[in-house]
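Just below is one structure, and these are the notes that go with it.
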Amino acid sequence: MILLDPTWTAVLYLVSAVCFILALKGLSSPKTARRGTLIGSAGAFLAVVTVFLSSKLDNIPWILAAIAVGSAIAAPVARRVQMTQMPQLVAMFNGVGGGAAALVALLELPHAGDAWVRLAIAFTLFIGAVSFAGSMLTFAKLQELMTTRPVVFPGLAVLTVVVAAAALAAGAVLVVAGPAWAAIALAVIGLASGILLVLPVGGADVPIVISLLNAFTGLAVAASGLVLGNVLLVVAGTLVGASGTILTRAMAAAMGRSVQGILFGAFRGGSTAGSTVASDRPVRSSTAADIAVLLGYAQKVVLVPGYGLAVAQGQHTIAELQGALEERGIEVSYAIHPVAGRMPGHMNVLLAEADVPYESLVEMDRANPGFRTTDVALVVGANDVVNPAAKTTPGSPIHGMPILEVGDAKQVVFLKRSMRPGFAGIENELLFDPKTTLLFGDAKASLTELLAAVKAL
Amino acid sequence: MDGVALLTITVLAVFVGFEVVSKVTSTLHTPLMSGANAIHGIILIGAIIVAGQAEDTATLVVALIAVVLATANLVGGFVVTDRMLEMFRGRRKAPADPPAAGEEGER
C-alpha cells in the first residue's frame, strides 16, 4: 500500500535517523540516557510504520506474524536476563542482526542492477556472516558452553590465509558476474571466517571482540542500505559502525592491548594463554571478624568490585556494607576498572542494579592516586584488574594493561572463592604480599559475614 | 538516490557518529554497546522490504527468518538497554560529592 510519496518517506526516515542520533547523544549523562533510548525506540517504530506505508508490499500478514514472533522471543529474554549475563545477550542480539543483514543481501542479489550494487551485496553478505558466526561463538565462550581459553591448532594461520583468499575469490566472482552459487559460497566462507576470528581469542579479550563485531554488523547494515537505496539504513549502520570502532579502541586501550594483538596475538604462540591450576604457595587468610576490625577502624576504605562479586549476586550486600561503614564515619568509595566485569562499564550497571549511587563510583584514573592514602582496599571477586603482573612481568598476557594499584593501600583484603587464577588465568603476586589478607568463600557469603561482624563492632 | 549523495550522507554520518559517541560517559559504555546494538536492528526495514517483494515461497521463508532475527535484535536491544538505564537513578546530591552517612536508611 503506497500512502506516502517519496518526499514524505524521506522526511520520515530523516526524523528516525535524528532519533537514533539523539539516542546516542542521551548517553552522555545517566540523567538523559533513558529518555534518549525512548526517543531511539520511537524512531525505530516510526521507521517500521513508514516502510509499511511507503512501499508496495505483498505478504503483509506473514511479515506482521514474523515481527510478532521476533518480539515474543526477544522481549521476555531481554526483560529476564540477569545483568551478569549482559555480554552474552549483547553478543546474541548482535549476531542475529548480522545474520539478518546477510540474508537481506542474499535475497537482493537477483535485483542487483550493476557491479557496484553487487559489491555492496558481497560486503554485507560476508561481514554479516562473519558477525553472525563470530557472535554466536562469543556467546558460547561467555556462557561457558565451551572453553574460554584461546583455541589454537597447528595450521590455523595457514587455514586463515586460505579462507581469506577464498573469500576474495568468491567475492570477485560475485561482483563481476553475480551467480547465486558465489553468494552462497561467500556466506559460508564468512561463517568460517567468523569462527576463525573468535576461536584464538582468550576469555579476557572476548568483550573487545563483541564490540568489534558490533561495529561489523553496523557496517553490514550500512552497506545493505546502499544495496536497497535506503538512507536510514546507511545512517543508522554508519552510526553503529563509528560507535563500535570508538568503543573497541577505548577498550583495547583500557587493557593495554592493540586490537591486532587481541585478534592475532594467539598466532604468535601462547600470548593470551594462562593457567587454570590453583597455586599452593602460602598465603595469609583470616576470619571475617578480624577483617571487620580492620575495616571498622579504618578512615578510608576503597571497595574494588570485580566479576566474582556479580557472579555471586553480592552487589546488594556490598552496598549494605558500604552503608554500615559510612555510618561509622568511614570514607567509602568504589574503584572501578574500565573492564571490570566482562564488558566496559559492566560493573557500573551491576552496582546501579544494587542502588549504589553512580556518584560514589570512582574511575581508575581518579582512583589510583587515592590508594596511597587508603587504609584498606577491599577487593571483592576481582583479580586480573589489580594484578601487578600487568606492570612487572613483560611476558604476562595482561602485561601493559593499566591496573587499579591496590598495592599502594596500607592493607589489602581479597575476598576470593579459591586460589584458582581469574578469568585471564594468571597468578596474582599481590596475594602473597605481607600486607595482604585473604578471606576465602563465595563473595556474597563473605560479604554477609563481614557485614554482620562490622555491625557487631 | 544517486551514489554521490549516498556517499556524502555516509561520510557525514561517520563524523556525527564519532562526535556523539566520543562524548558518552564511560559509566554508560555497556548501555552504549547495547543501545548501538539495538540501532542496527533497523535492518528490519530491509528485511520487511525483501519479504514484501518475495515472489516464491523459498524467498519468502528466508526473508521472514530475516524479519524474525532483525525484530529480535531491535526489540530485545531497546528493551534491555532501557532496563539497564532505568537502574541509573542519580541521587539527590551533586556529582562527585561522596555519599554521606545515613543515606542508606532513606532508601
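Matching residues to (1) at the interface with another protein chain (Cβ under 9 Å from one of its Cβ atoms); (2) crowded, with 20+ Cβ neighbours inside 10 Å:
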| position | (1), (2) |
| --- | --- |
| A:PRO305 | no, yes |
| A:LEU309 | no, yes |
| A:GLY314 | no, yes |
| A:ALA352 | yes, yes |
| A:ARG372 | no, no |
| A:ASP375 | no, no |
| A:VAL380 | no, yes |
Task: Wholly enclosed helices (runs of 4 or more DSSP H) of the stretch B:1-70 bearing at least 1 residues within 7 Å of another protein chain (Cβ to nearest Cβ) and over 30 Å from A:GLU359 (Cβ atoms) - done: B:3-21, B:44-53
Task: Lone unmet requirement of (1) open to solvent by 30 Å² or more (accessible area, probe 1.4 Å); (2) in contact (Cβ under 8 Å) with a residue 40 or more places away in the chain for A:ILE39 - done: (2)
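Might you let me know whether the stretch A:176-187 holds any residue that is in contact with a Phe, Trp or Tyr (Cβ under 7 Å, 6 or more places away or on another chain), touching a residue at least 60 places away in the same chain (Cβ under 8 Å) and away from chain B (no Cβ under 11 Å)? Don't jump to the end; show me each part of the working.
Here is the first cut: in the stretch A:176-187, the residues in contact with a Phe, Trp or Tyr (Cβ under 7 Å, 6 or more places away or on another chain) are A:186.
Now restrict to residues that are touching a residue at least 60 places away in the same chain (Cβ under 8 Å): A:186.
If we keep only those that are away from chain B (no Cβ under 11 Å) too, we end up with A:186.
Among the residues of the stretch A:176-187, at least one is in contact with a Phe, Trp or Tyr (Cβ under 7 Å, 6 or more places away or on another chain), touching a residue at least 60 places away in the same chain (Cβ under 8 Å) and away from chain B (no Cβ under 11 Å), which makes the answer yes.
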Open item on the list: Return the residues of the stretch B:21-53 that are open to solvent by 10 Å² or more (accessible area, probe 1.4 Å) and under 25 Å from A:GLY229 (Cβ atoms); say none if nothing qualifies.
Closed with: B:ILE49, B:GLN53
Task: Any chance A:ALA120 is surrounded by fewer than 24 Cβ atoms within 10 Å (Cβ to Cβ), touching a residue at least 24 places away in the same chain (Cβ under 8 Å) and more than 9 Å from chain B (Cβ to nearest Cβ) - done: yes
Task: Residue identified as closer than 15 Å to B:MET87 by Cβ and aliphatic (A, V, I, L, M) among A:VAL81, A:VAL69, A:VAL90 - done: A:VAL81
TODO: Taking the options A:VAL51, A:VAL90, A:VAL77, A:VAL96, name whichever one is open to solvent by 20 Å² or more (accessible area, probe 1.4 Å), of a type outside the set (Asp, Glu) and within 7 Å of chain B (Cβ to nearest Cβ).
DONE: A:VAL77
TODO: Go through (1) open to solvent by 10 Å² or more (accessible area, probe 1.4 Å); (2) within 11 Å of chain B (Cβ to nearest Cβ); (3) closer than 30 Å to A:VAL51 by Cβ; (4) under 29 Å from the mean Cα position of the chain (by Cα) one by one and return the number of the condition A:VAL227 breaks.
DONE: (4)
Task: Every residue from the stretch A:148-161 that is open to solvent by 70 Å² or more (accessible area, probe 1.4 Å) and not aliphatic (A, V, I, L, M) - done: A:ARG149, A:PHE153, A:PRO154
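The values are calculated or read from the model by the stated rules, or taken from the named source; none is laboratory data. Nothing here was measured: the structure is a model prediction, and the numbers come from that model. Heads up, the Cβs are rebuilt from the backbone with ideal geometry, glycines too, and the neighbour counts pull from every protein chain shown. For the accessible areas, the whole protein counts, side chains as well, though only heavy atoms, and no ligand, DNA or RNA atoms are used. Shrake-Rupley method; radii C 1.70, N 1.55, O 1.52, S 1.80 Å.
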